[in-house]
Amino acid sequence: MSLRFLGDLPAWWGGLLALLVAAVVWWYYRRDTRDSGPWAHWLLPTLRATAIALAIMTLAGPVLRHTTTIGQLGRVVFCVDASASMSQQDPDYASTRFQRANDLLTGEEGLLAELQQTHELSVSGLDGSDAKLWWDSAETEQPPREFDVQADAATTDLATPVMRRLGLDEAALGMPGEATADEDQQGPRTAVVLFSDGRHTHGRSPIDLATQLAGRGVPMYCVGFGSAEEPTDVAVVELQHPDSVSSKNRVRGTLVWKDRGPPGRAVQATISAGDEVLWQETLTTQDVPLRRTEFDFAIREIVDAAVKQQPRDVRLQSLPLVLTARLQPFADELDSQNNEAEFRISAVVNDHRLLLIDGRSRWETRYLRNLFQRDEAWQVNTLIVGPAAEHRTLPRGEGTQRFPTEPARLLVYDLIILGEVNADVFTSEEQGWIRDYVARGGGLVIIDGPRGKWKQIIDTPLGDLVPVTFADSVPQRSERLQLTASGLDWAPLRLRADREPNRQLWQQLPPPQTLVNVEPLPAADVLAEAMVAGKPRPAIVRRPFGAGQVVYFAFEDSWRWRYEVADRFHVRFWNQLGKAVMQAPFAVSDSFASLDTGRAQYTAGDAADIRVRLRDANGRPISDATADALLWRDDELVATIRLTAGDQGDGVYRGTTGPLQPGSYRTTVRASGYSESALKVNTEFRVAAISTGELDAVSCNETLLREMALASGGQYLPEASADQLKSLLEPLSSGRTEQHDTLLWQSYWWFWAILGLLSVEWLLRKRSGLL
């Protein structure tokens with residue numbers, strides 16, 4: 001039983017009018033009864049006002065509805081796909097798929113109106129992994145005229161939300177369901193009706209869901225929306241590119257794009273920085289799901305122009321470049337908004353600096369020197385010092401071919417590679433400089449050899465850096481190389497993209513001819529092993545030291561990896577290793593601070609590592625300040641990150657942001673002892689939204705919907721045949737709902753209530769002597 005209002009005056013208008021008039025009557029009548037005693041003074045105005053209110057409410061047409069259920073009603077659970085692909089407008093239709101699904105349900109001739117007398121009905125929207133209830137006949141009898149919702153979910157999950165809506169155990173998905181088949185026989189017969197384009201992009205298999213429903217005797221009727229063929233559309237799907245590149249080098253990467261154009265059409269692909277086109281190519285469509293196109297372009301001119309615009313007292317090490325990839329849209333294209341995508345890379349302005357020192361000009365050293373010298377991103381200072389070398393003693397001084405004469409000069413190097421040098425090449429003080437260099441964040445690579453030089457250095461200050469101990473046995477010939485579990489996970493050792501092919505490749509590389517017999521220290525990590533007489537021995541060992549790290553090679557034969565493949569693996573390995581081990585440079589510096597926030601582009605949910613180095617007016621590090629990084633998005637402060645100083649006394653402070661939301665960010669620095677105008681450094685980075693692939697394909701996946709319907713014991717219907725749903729669902733119900741309305745505003749009960757209130761009020765007035 002429920003109360004409804006069917007009059008010409010809306011219920012809320014009638015209620016408001018009745019309340020206002022009753023209040024006026026009560027106030028006016030109360031003035032006439034102020035001398036009639038306390039009970040009459042309050043009760044008489046209340047009776048009169050209530051009668052007047054009931055009389056006015058007759059204008060709203062109050063109706064008392066009685067609902068009687070005869071027999072057993074069937075239960076129908078409507079699930080509407082509310083993902084972004086359902087917001088597409090198909091050719092030959094004036095409305096979107098989502099709007100057409102709503103139209104099938106609502107209105108005087110909609111399914112809800114036709115089935116509400118014989119079925120228990122509910123409508124839910126599938127929003128990602130959630131099922132949001134829109135309407136339930138058990139809560140509201142009258143179906144809505146329309147659903148005021150949008151189809152904008154970033155993913156489509158056709159399994160999990162349906163399970164949740166039916167109250168089924170998600171853990172049982174994919175398991176046999178016969179054991180629970182009897183449970184649903186005790187309640188109403190149930191069916192699920194799914195309105196979707198079948199573009200399942202996230203979550204468990206919908207086929208497993210359908211199988212579970214079949215075990216419970218719940219058929220699923222799937223109504224497919226959209227054309228079975230992909231509409232004309234080209235789109236930028238992904239841009240594969242390096243995070244950073246030297247401004248002197250070229251940017252090389254891959255444009256992954258959706259090609260759903262009629263075969264043979266020309267489409268112009270471009271990559272630009274602002275209004276300047278850096279790369280363009282005319283492509284020909286093939287009507288395939290995905291294409292991969294390589295791009296290659298120079299950035300030196302735009303980087304030089306951007307650097308010139310920077311303030312003179314701000315020095316850049318890397319510059320974030322904002323680039324846009326674009327595919328020229330067709331006139332008949334479905335969606336031209338997906339034809340371009342913005343991405344960012346860090347352009348390294350200044351070269352990386354390498355200090356390479358060895359005791360003899362061995363093959364390993366020659367190839368390494370040539371490798372890095374050919375790369376325009378590196379400046380190499382090579383010193384060969386030994387009894388039979390170019391220099392018998394270490395040349396010291398300023399400039400190239402010299403070792404720095406003070407520790408500050410050593411800090412300008414990003415990476416140091418030390419070969420087989422004699423223990424007396426460096427003074428004890430210089431050895432301490434190298435040790436402090438690594439402790440403050442520098443990178444050191446040690447390439448040992450068969451002459452046992454590093455075994456002699458182990459008792460010097462440099463020995464603190466060595467991550468291994470030396471055995472008494474002589475170097476031995478190895479049989480093959482192999483990566484450890486740690487090595488497989490470390491990116492610099494990844495010479496092939498996939499894990500298993502990379503593992504196999506390392507076993508095929510030429511093995512070391514002489515392997516130094518060493519054992520790793522407890523804190524060291526063995527990355528690669530060499531098999532000697534069938535037993536694995538450490539070949540590449542890595543260990544952190546302070547804020548830096550050391551990588552030790554127990555062999556000198558990586559140059560042999562060029563055999564028959566030239567630089568294919570050798571160059572890639574050393575470039576990756578050098579950038580991973582070297583001291584990470586700060587992106588921007590001014591007179592008092594240096595700042596770095598890592599990559600130029602992150603993905604939503606990532607956290608950015610922030611590093612700040614503070615100095616005084618004389619360039620000396622400041623390690624006792626209170627420092628914060630201020631994170632801005634769209635010129636609004638969104639986070640303040642407290643930075644913590646390290647134990648090395650180098651003035652470096654570190655902090656980490658929380659998970660980042662999509663958008664463009666700017667980072668500034670605040671520190672005690674510095675004015676706001678003194679710290680001018682700031683960096684920018686972009687956080688890209690996670691690509692879900694929701695709109696990569698927008699045609700109707702009829703195959704999936706048919707399989708779901710068949711597996712559940714239901715039926716698939718294209719949108720044009722959706723009018724068959726009523727006849728398919730009618731057998732679920734063996735009962736009906738009958739409704740009877742009592743027109744209260746025309747009934748004697750309503751009249752007698754008003755008359756009774758007035759009669760009681762008249763009798764009380766007479767008793768009080770007011771008549």
- Item | Any chance Gly693 is out of contact with any strand residue (DSSP E or B) (no Cβ under 7 Å at 6 or more places or on another chain) and either closer than 24 Å to Phe592 by Cα or among the charged types (D, E, K, R) (or both) | no
- Checked pairs for region 492-521, first within 22 Å of Arg572 (Cα to Cα) and without any contact (Cβ under 8 Å) to a residue 60 or more places away in the chain, second part of a helix (DSSP H, G or I) and of a type in the set (A, V, I, L, M), C-beta under 8 Å and 6 or more apart or across chains, list as Arg496/Leu505; Arg499/Leu488; Asn502/Leu488; Asn502/Leu493; Arg503/Leu488; Trp506/Leu493
- If you go through region 617-648 one residue at a time, how many are within 20 Å of Glu684 (Cβ to Cβ) and β-branched (Val, Ile, Thr)? 3
- Query: Restricting attention to region 592-631, which residues are more than 24 Å from Val438 (Cα to Cα), over 25 Å from the mean Cα position of the chain (by Cα), assigned to a loop (DSSP other than H, G, I, E, B) and not aliphatic (A, V, I, L, M)?
  - Reply: Thr626
- Query: Among the listed residues Thr626, Thr603, Thr657, Thr692, which satisfies the condition of being crowded, with 20+ Cβ neighbours inside 10 Å, of a type in the set (S, T, N, Q) and touching a residue at least 40 places away in the same chain (Cβ under 8 Å)?
  - Reply: Thr657
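Which of the residues that make up region 468-503 are within 30 Å of the chain's Cα centre (by Cα) and hydroxyl-bearing (Ser, Thr, Tyr)? Walk me through it before giving the result.
Within region 468-503, the subset within 30 Å of the chain's Cα centre (by Cα) is 485-503.
Residue satisfying the conditions is Ser486 alone.
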- Message: Please list, ordered by residue number, the strands (runs of 3 or more DSSP E) wholly in region 240-347 having 1 or more residues that are touching a Gly at 6+ places or on another chain (Cβ under 7 Å), surrounded by 13 or more Cβ atoms within 10 Å (Cβ to Cβ) and modelled with pLDDT of 90 or more.
- Response: 266-273, 288-298
- Can you run down the residue pairs with Cβ atoms below 8 Å, 6 or more apart or on separate chains, where the first is in region 70-99 and on the phi > 0 side of the Ramachandran plot and the partner is assigned to a strand (DSSP E or B) and surrounded by fewer than 24 Cβ atoms within 10 Å (Cβ to Cβ)? Gly71/Arg736
- Item | Residues (assigned to a strand (DSSP E or B) and more than 26 Å from Val256 (Cβ to Cβ)) located in region 348-357 | His352, Arg353, Leu354, Leu355, Leu356, Ile357
- Item | Breaking point among (1) assigned to a strand (DSSP E or B); (2) in contact with a Gly (Cβ under 8 Å, 6 or more places away or on another chain); (3) among the aliphatic types (A, V, I, L, M), for Val438 | (1)
- Across region 522-550, what is the total count of residues that are in contact with a helix residue (DSSP H, G or I) (Cβ under 8 Å, 6 or more places away or on another chain) and assigned to a loop (DSSP other than H, G, I, E, B)? 2
- Query: Val466: modelled with pLDDT of 90 or more and touching a strand residue (DSSP E or B) at 6+ places or on another chain (Cβ under 6 Å), yes or no?
  - Reply: no
- Note on the structure: Reported set for region 530-554 where residues are of a type outside the set (A, V, I, L, M) and touching a strand residue (DSSP E or B) at 6+ places or on another chain (Cβ under 7 Å) is Pro536, Arg537, Pro538, Arg542, Arg543, Gly548, Gln549, Tyr552, Phe553
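Considering only region 67-88, I want to know if a residue exists there that is buried (at least 18 other Cβ atoms within 10 Å of the Cβ) and at pLDDT below 80.
No.
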- Query: Of the residues that sit in region 606-618 and are touching a residue at least 60 places away in the same chain (Cβ under 8 Å) and farther than 12 Å from Thr667 by Cβ, which one is surrounded by the most Cβ atoms within 10 Å (Cβ to Cβ)?
  - Reply: Leu614
- Item | Flag for Gln401 being among the polar types (S, T, N, Q) and assigned to a helix (DSSP H, G or I) | no
- Task: Considering only region 135-150, state which residues are within 33 Å of the chain's Cα centre (by Cα) and either outside the structural domain of Asp197 (by TED's automatic domain parsing) or over 18 Å from Ala722 (Cβ atoms) (or both).
- Result: Trp135, Asp148, Val149, Gln150
- Note on the structure: Taking first residues from region 673-687 that are outside the structural domain of Leu316 (by TED's automatic domain parsing) and under 16 Å from Ala617 (Cα atoms) and second residues anywhere that are of a type in the set (D, E, K, R) and in a loop (DSSP other than H, G, I, E, B), the pairs with Cβ under 6 Å that are 6 or more apart or on different chains are Lys680/Asp590; Val681/Asp590
- Query: When residues of region 238-249 are filtered for being more than 17 Å from Ala305 (Cβ to Cβ) and touching an Asp or Glu at 6+ places or on another chain (Cβ under 7 Å), how many remain?
  - Reply: 1
- Item | Where Leu705 falls short, out of the listed (1) without any contact (Cβ under 8 Å) to a residue 12 or more places away in the chain; (2) part of a helix (DSSP H, G or I) | (1)
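Can you tell me how many residues in region 375-397 are of a type in the set (Ser, Thr, Tyr) and either surrounded by 13 or more Cβ atoms within 10 Å (Cβ to Cβ) or within 20 Å of Gly578 (Cα to Cα) (or both)? Give the steps one after another, and end with the answer.
Keep residues of region 375-397 that are of a type in the set (Ser, Thr, Tyr), which gives 382, 393.
Subset that is either surrounded by 13 or more Cβ atoms within 10 Å (Cβ to Cβ) or within 20 Å of Gly578 (Cα to Cα) (or both): 382.
Qualifying residue count for the region: 1.
Which is within 13 Å of Phe78 (Cα to Cα), assigned to a loop (DSSP other than H, G, I, E, B) and in contact (Cβ under 8 Å) with a residue 40 or more places away in the chain, of Leu126, Leu158, Leu121? Spell out how you get there, then give the answer.
On the way: Leu126 fails: assigned to a loop (DSSP other than H, G, I, E, B); Leu121 fails: assigned to a loop (DSSP other than H, G, I, E, B).
It is Leu158.
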- Message: Any residue at all in region 665-674 that's among the aliphatic types (A, V, I, L, M), part of a loop (DSSP other than H, G, I, E, B) and buried (at least 18 other Cβ atoms within 10 Å of the Cβ)?
- Response: no
- Item | Test result for Asn381, of a type in the set (S, T, N, Q), within 47 Å of the chain's Cα centre (by Cα), assigned by TED's automatic domain parsing to the domain that holds Lys453 and closer than 19 Å to Leu462 by Cβ | yes
- Query: Where in region 441-511 are there helices (runs of 4 or more DSSP H), lying wholly inside it, with at least 1 residues that are surrounded by 20 or more Cβ atoms within 10 Å (Cβ to Cβ) and charged (D, E, K, R)?
  - Reply: 453-457
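The values are calculated or read from the model by the stated rules, or taken from the named source; none is laboratory data. Because the structure is predicted, anything quoted here is derived from the model rather than measured. No Cβ is skipped: glycine too gets one built from the backbone with ideal geometry, and neighbour counts run over all protein chains shown.
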